[in-house]
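Structure first, commentary second.
Taken together, the values in this text are just the output of simple stated rules run on the coordinates, not laboratory data. This structure is a prediction, so every number in the text was calculated from the model and none was measured. A quick note on method: Cβ atoms are made from the backbone with ideal geometry, for glycine too, and the neighbour counts reach across all protein chains shown.
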Amino acid sequence: MPSQAATVQQYLAELPADRRAAIEAVRAVIVKNLDKKGLEEGMQYGMIGYFVPHRLFPAGYHCDPRQPLPYAALASQKNHMAIYLMSAYGDADHENWLREAWAKAGKKLDMGKSCIRFKRVDDLALDVLGEAIRRVPARAFIERYQAVLGASGKPAKTTTKTTTKPSAAKAVATKSTPAAAKKKAAKTSPAKKAASKPAKH
């Protein structure tokens, strides 16, 4: 269940001592390598979040424009802890670099689409994590984010749907030919309706 903490310090204070120590160690690595001119730390979605503030990217997060653009997050979950790296989500080159560097560090990577799960700090390649943060400053992250969304500001896959609409409309229009319209009018004309009624005696 997401934390209701209003501040990072409150979030940390709510954690058990062992989890707090682990989260603080990872947080120190993130903060040390963070682009401090373009990214800020705060609470977001019930986790410790790192994001591009609205003053630098007014559009905000496309899923919820009230939220600043998420960059990374750090959380203590029920059965593990997790680092969420949006900089690796949808960027194959960055993700491949991360996986290769992690393997070279001799650590086993437990990673989903954007999250790296861990139970102890020793599970992590902290140097690689720091470099992953350092390699993607805010400006580069914004540019990649906009490229993925496209000029419309919506996910790219929605643009393919709009391109099919004109052809569908054209297909409908071709059915309504002048001959078809004339035939339809003849069927519903007042004269024909009157002729089809039985005469009154």
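Quick look at the values:
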quantity: Amide H partners (placed H, <5 Å) of I48, local residues excluded; calculated: L74
quantity: Projected area averaged over orientations for region 1-69, convex hull of C-alpha atoms, nm²; calculated: 5.1 nm²
quantity: Note, ³J(HN,Hα) from phi for region 121-135, Karplus 6.51, -1.76, 1.60, rounded to Hz, x at Gly and Pro; calculated: 4, 5, 6, 9, 8, 4, 5, 5, 4, x, 5, 4, 6, 5, 5
quantity: Rounded to whole Å, sorted largest first: equivalent-ellipsoid semi-axes of region 1-148, Cα gyration tensor; calculated: 22, 20, 13
quantity: Note, ³J(HN,Hα) from phi for region 98-108, Karplus 6.51, -1.76, 1.60, rounded to Hz, x at Gly and Pro; calculated: 4, 5, 5, 5, 5, 5, 5, 6, x, 10, 7
quantity: In nm, spacing of pseudo-spin labels at D127 and K37 (7 Å Cα→C-beta vector); calculated: 2.8 nm
quantity: Cut-off 16 Å, label 7 Å out along Cα→Cβ of T7, residues of region 41-69 by amide N; calculated: 41-44, 48-49
